[in-house]
Amino acid sequence: MIYFDNAATSWPKPPGVTEAMVRFMEEVGANPGRSGHRLSVEAGRIVYEAREAVAELFNVEDPLRIVFGYNVTEGLNLALRGILQPGDHVITSSMEHNSVMRPLRALEREGVELTVVACSAEGFLDPAHVEAAIRPNTVMVVLNHGSNVVGSLLPVAEVGRICRQHDLLLLMDTAQTAGAYPIDVEADHIDLLGFTGHKALCGPMGTGGLYIGPRVDLERFEPLKRGGTGSRSELEEQPDFLPDMCESGTLNAVGLAGLGAGVRFVLEQRVEKIRRHEEELMAQLIEGLKAIPSTGLRRAQSSRSGRRSGVTVYGGHDATRQTATVSFNVAGLEPSEVGLQLDEEYGILCRVGLHCAPLAHKTIGTFPTGTVRFGLSYFNSGEEVEVALRAVREIVNGG
Ligand SMILES: Cc1ncc(COP(=O)(O)O)c(C=O)c1O
């Protein structure tokens with residue numbers, strides 16, 4: 001079996017992740033930050049170490065600015081709902097995942113003004129188009145750092161500079177890049193950063209959150225939920241400090257034990273090394289897919305249907321400008337048919353369809369059927385890429 005669905009959830013996890021979770025369940029188990037006895041203190045320590053690891057990865061000075069939640073969707077909703085008010089203007093791109101687009105469309109109905117800046121058909125964003133969209137009431141720019149459809153990297157540092165010049169907040173969705181591509185909140189001028197634990201951060205599902213930077217006015221920030229935090233229990237009002245202000249209710253401490261181990265693995269390996277490996281695999285995959293000649297049955301079918309023959313590879317065709325995710329289609333076949341053949345006949349697991357990002361597919365011209373997506377990780381090899389290329393070649397040639 002070859003697992004090429006890492007853009008959805010990474011698997012396998014590195015050594016230490018499962019062990020940290022099992023240890024938590026067998027030896028710790030108590031509620032972090034609540035009770036003050038030794039097991040509660042130990043649980044609190046494990047959660048704090050996960051906070052420290054995430055902070056180190058993103059070059060965040062104060063780990064208490066890392067708010068944990070269940071995934072990046074929660075982190076993004078927290079940032080958008082926490083800041084945007086009716087009458088505010090927000091700018092985003094046409095490569096966003098629905099975890100950004102759906103909250104923004106809902107906020108639009110409540111009176112927030114929204115501009116969606118069009119990206120190129122390869123999935124890239126021109127920072128000048130963001131600057132041109134700024135209005136007097138613009139408050140925030142929110143961007144997907146790496147596209148989950150074609151892997152294109154959006155220009156975070158350039159947009160960050162523009163945001164600082166115009167005194168705007170920059171919120172990044174790092175679902176596809178955290179742990180796989182270098183991120184530095186200081187150098188990139190990121191004010192808010194949503195992250196999810198179960199992809200390249202190598203943690204389990206049910207972990208993620210939001211970094212809230214010092215340019216965010218906490219006095220005006222609205223938490224998504226209010227409740228018990230284990231701190232300031234004499235108050236009937238929500239604490240006004242991070243992370244407690246945004247972390248009501250018991251945390252997924254067992255998951256955070258795993259996330260801490262996953263992020264420590266990334267830190268030990270170094271993101272630059274992970275990135276180098278993934279870039280090499282991507283270059284091999286893109287070149288291999290582009291080189292597949294179209295012969296036989298599929299060519300006959302596709303020329304009858306008027307579609308391009310062979311394989312169409314989307315995105316910029318440049319491994320240095322994208323994550324380890326690539327989308328393609330085989331002429332004459334639905335993405336779902338290709339995905340089924342890859343799974344059933346070749347044991348290659350990938351994702352097909354719209355990948356929760358309909359606007360991104362409209363941008364690259366693959367709406368509504370979508371694409372076949374290969375999402376690679378640090379744990380994939382060049383041999384696996386070769387096997388997958390052979391499989392796609394056979395499918396193109398009629399199986
Ligand atoms: C770019 C992007 N944003 C957001 C998400 C949502 O992630 P989660 O389901 O972990 O909240 C994903 C997941 O695929 C994604 O790829």
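Could you tell me which residue of segment 96-116 is farthest from the ligand (Cβ to nearest atom), considering only residues that are among the aliphatic types (A, V, I, L, M) and in contact (Cβ under 8 Å) with a residue 60 or more places away in the chain?
Taking segment 96-116 and keeping what is among the aliphatic types (A, V, I, L, M), we get 100-101, 104, 106-107, 112, 114, 116.
From what's left, in contact (Cβ under 8 Å) with a residue 60 or more places away in the chain: 100-101, 116.
Values: 100: 7, 101: 10, 116: 15 Å.
The qualifying residue farthest from the ligand (Cβ to nearest atom) is 116.
Could you name every one of the helices (runs of 4 or more DSSP H) located completely within segment 301-399 that has at least 2 residues being among the hydroxyl-bearing types (Ser, Thr, Tyr) and either over 27 Å from residue 97 (Cβ atoms) or not assigned by TED's automatic domain parsing to the domain that holds residue 93 (or both)?
335-346
If I filter segment 51-78 down to residues being hydrophobic (A, V, I, L, M, F, W, C), within 16 Å of the ligand (Cβ to nearest atom) and in a helix (DSSP H, G or I), which single residue comes out as nearest to residue 176 (Cα to Cα)?
72
Quick one: residue 93 ticks every box in (1) crowded, with 18+ Cβ neighbours inside 10 Å; (2) more than 16 Å from the ligand (Cβ to nearest atom) bar one, so which box is it?
Condition not satisfied by residue 93: (2).
Can you report the number of residues in segment 33-75 which are under 23 Å from the mean Cα position of the chain (by Cα) and either outside the structural domain of residue 258 (by TED's automatic domain parsing) or of a type outside the set (Asp, Glu) (or both)?
Taking segment 33-75 as the starting set, the residues that turn out to be under 23 Å from the mean Cα position of the chain (by Cα) are 47-75.
Next cut, either outside the structural domain of residue 258 (by TED's automatic domain parsing) or of a type outside the set (Asp, Glu) (or both) only: 47-48, 50-51, 53-55, 57-60, 63-73, 75.
Residues that pass the stated criteria total 23.
Among the residues of segment 224-238, is there at least one that is at pLDDT 95 or above and under 23 Å from residue 141 (Cα atoms)?
yes
Can you report the number of residues in segment 93-135 which are part of a strand (DSSP E or B) and not polar (S, T, N, Q)?
Looking only at segment 93-135, we keep the residues that are part of a strand (DSSP E or B), and these are 93, 113-117.
From the residues that got through so far, the ones that are not polar (S, T, N, Q) too are 113-114, 116-117.
Qualifying residue count for the region: 4.
Which pairs turn up if I take residues in segment 216-244 that are under 18 Å from residue 191 (Cβ atoms) and look for partners that are of a type in the set (Gly, Ala, Ser) and surrounded by 13 or more Cβ atoms within 10 Å (Cβ to Cβ) with beta carbon separation below 6 Å, at least 6 apart in sequence or on another chain?
221/82; 222/82
The values are calculated or read from the model by the stated rules, or taken from the named source; none is laboratory data. What you see is a predicted model; the values in this text were computed from it and never measured. Positions of Cβ are generated from backbone atoms using ideal geometry, with glycine treated the same way; all protein chains shown enter the neighbour counts.
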